[in-house]
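Visitor: Take a look at this one; I'll ask things after.
The values are calculated or read from the model by the stated rules, or taken from the named source; none is laboratory data. Quick caveat, the model's predicted, so the values are computed rather than measured. Don't worry about glycine lacking a Cβ; one is built from the backbone with ideal geometry, like all the others, and counts go over all protein chains shown. When the accessible area is computed, the model is the full protein with side chains, heavy atoms only, and any ligands, DNA or RNA have been set aside. Shrake-Rupley method; radii C 1.70, N 1.55, O 1.52, S 1.80 Å.
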Amino acid sequence: MRPSVRKVDVALLGGGPAGSATALALARHGGFSIALLERSSYDNVRVGETLPPEVRFLLQSLGGWDQFVRHVPCASPGIRCVWGEKDVHDSNSIFNPYGTSWHIDRGRFDAMLARTAENSGTYLFTGASRTSCSEGKSGDWEICSKLGGKQFIVHAKLLVDATGRASMLARKRGARRILYDHLVGVVVFLSVREGSALGDSTFVEAVEDGWWYSALLPNSRAVVAHMTDADLNARGHNRPLEYWQSQLSKTIHTKALINRCALDSGPHIFAADSSKLNTPLGKNWLAAGDAAMAFDPLSSQGVYKALESGIRAARAIREHFDGDTGALRRYVREVDDTFDQYRVMRNKYYGMERRWPRSTFWRRRLS
């Protein structure tokens with residue numbers, strides 16, 4: 001069978017927040033043909049469930065706020081944390097001009113953004129298995145994929161890598177991933193029973209070998225994650241659930257909060273390192289979102305920064321196509337500046353926790 005062929009100005013690899021935000025920002029300004037390729041059908045497990053109040057401004061600018069509200073996210077008054085001392089500290093968002101924080105079903109959120117992009121004119125391909133990606137004779141990109149067992153080809157003038165920490169395109173084009181730590185999240189999803197002590201706030205609790213966070217999600221579910229270094233977690237790789245439970249038993253507050261919850265799925269292990277590409281830009285391609293730079297979940301900024309990165313990438317692409325030869329280089333400087341600012345804040349917050357001076361996890365973050 002002959003493969004179907006489509007020609008576009010911009011193709012985006014990865015239908016997460018960064019890819020969809022780039023597509024939406026380009027579509028809202030008009031004049032671009034866009035293809036968004038997502039390997040999954042949004043039925044896989046995804047993490048990153050907390051959104052800060054400021055996300056409202058970004059979603060409104062992308063035309064996705066009304067759809068977001070219709071998906072009934074859980075409003076959250078802020079964060080409760082045990083960090084640097086044994087007492088619980090409350091950080092309330094009541095005075096934030098953008099309102100409350102939010103807890104989301106991440107799969108539904110990502111799918112909602114992608115469908116919003118599709119409704120704005122983007123060609124959306126879900127369940128797309130990318131088999132090859134190469135530069136054509138004319139300098140354009142040729143992306144060959146399979147969809148439902150049938151091959152299709154997308155020709156694009158510019159390609160955006162929005163494949164998350166994998167940075168699949170960038171790495172194949174010679175870019176290197178710079179890791180600043182090896183943090184992982186050991187994540188469990190729970191069903192919340194009546195009488196649970198788990199409140200609306202995100203709860204963060206530091207422990208000797210890392211830290212925990214928990215949050216109430218839509219549809220009476222909860223997420224509970226143990227954040228630690230990959231080598232420290234490796235001790236429990238043969239019995240992941242038992243190991244997760246043994247680590248949970250060492251907490252004071254988290255285990256009490258989820259006492260009346262039942263296991264739904266997990267543990268699932270996700271990379272949560274602070275990392276960036278040595279360069280998010282190449283010939284006719286750029287990286288956005290986690291593919292360009294990734295943040296520690298402690299910041300609760302992962303999805304927000306991915307959306308912001310997509311918006312910035314779209315602006316750079318528009319200016320580039322308009323003939324501004326410095327637009328893409330300015331984007332690179334923005335990525336570098338954003339990550340430098342983030343590292344300062346990351347070091348500050350980890351530096352506040354000094355209760356376990358002999359802990360390998362905490363010593364690594366104080367050096």
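Visitor: What translational diffusion coefficient, in µm²/s and rounded to a whole number, does the Stokes-Einstein relation yield for the chain at 20 °C and a viscosity of 1.002 mPa s, taking the hydrodynamic radius as the Kirkwood radius over Cα pairs?
Guide: For these conditions, the coefficient is 100 µm²/s.
Visitor: Largest first, what is the accessible-area ranking of K305, K283, K157 with a 1.4 Å probe?
Guide: Accessible-area ranking of K305, K283, K157, largest first: K283, K157, K305.
Visitor: At 1.4 Å probe size, put S76, S134, S4 in order of accessible surface, largest to smallest.
Guide: Largest accessible area first, the residues go S4, S134, S76.
Visitor: Over the stretch 160-260, what percent of the accessible surface lies on carbon and sulfur atoms, probe 1.4 Å? Intermediate values should be presented prior to the final figure.
Guide: Details: 2170 of 4520 Å².
Result for the stretch 160-260: 48 percent of the exposed heavy-atom area is carbon or sulfur.
Visitor: Accessible area per residue of the stretch 207-295 at 1.4 Å probe, in Å²?
Guide: The answer is 40 Å² per residue.
Visitor: Also, quick follow-up: Considering the options L13, G121, W212, tell which one lies farthest towards the positive end of the dipole of the chain, charges being +1 on Lys and Arg and -1 on Asp and Glu at the Cβ, about the Cα centre.
Guide: In the chain, that residue is L13.
Visitor: Using a Gaussian network model on the chain with a 10 Å cutoff between Cα atoms, which of G326, G14, G185 fluctuates the most?
Guide: Highest fluctuation among the options: G326.
Visitor: Any idea which of T202, A222, H237 is furthest toward the positive side of the dipole for the stretch 183-242, if Lys and Arg beta-carbons carry +1 and Asp and Glu beta-carbons -1?
Guide: The residue sitting most towards the positive pole is A222.
Visitor: Follow-up question, since we're still on this one. Which one, W356, L307, Q60, is farthest towards the positive end of the dipole of the chain when Lys and Arg carry +1 and Asp and Glu -1 on their Cβ?
Guide: The Cα lying farthest towards the positive end belongs to L307.
Visitor: Quote the accessible area belonging to I79 in square angstrom, nearest 10, computed with a 1.4 Å probe and with ligands, DNA and RNA left uncounted.
Guide: Surface open to solvent at I79 totals about 60 Å².
Visitor: Here's a follow-up. Roughly how big is the stretch 278-367's charge dipole about its Cα centre, with Cβ charges of +1 (Lys, Arg) and -1 (Asp, Glu), in debye to the nearest 20? Present the calculation step by step, with values, prior to reporting the outcome.
Guide: Values: 17 positive and 11 negative charges, 133 e Å.
Charge dipole of the stretch 278-367: 640 debye, to the nearest 20.
Visitor: Using alpha-carbon positions, what is the distance between the centroids of the stretch 236-257 and the stretch 151-166, in Å?
Guide: 39 Å
Visitor: Could you tell me the relative contact order of the chain? Use alpha-carbon pairs under 8 Å, at least six residues apart, and round to a whole percent. Could you put the intermediate results ahead of the total?
Guide: Working: 765 pairs, mean separation 78.0, N = 367.
Worked out over the chain, it gives 21 percent.
Visitor: Can you check how the C-alpha radius of gyration of the stretch 196-324 compares to 2.2 N^0.38 Å, as a plain ratio?
Guide: 1.36
Visitor: Placing +1 at every Lys and Arg Cβ and -1 at every Asp and Glu Cβ, with all other atoms neutral, what dipole size does the chain have around its Cα centre, in debye to the nearest 20?
Guide: Around 840 debye, computed over the chain.
Visitor: Another question, if that's okay. If you place +1 on the Cβ of every Lys and Arg and -1 on the Cβ of every Asp and Glu, how big does the dipole about the Cα centre of the stretch 88-137 come out, in debye to the nearest 20?
Guide: 220 debye
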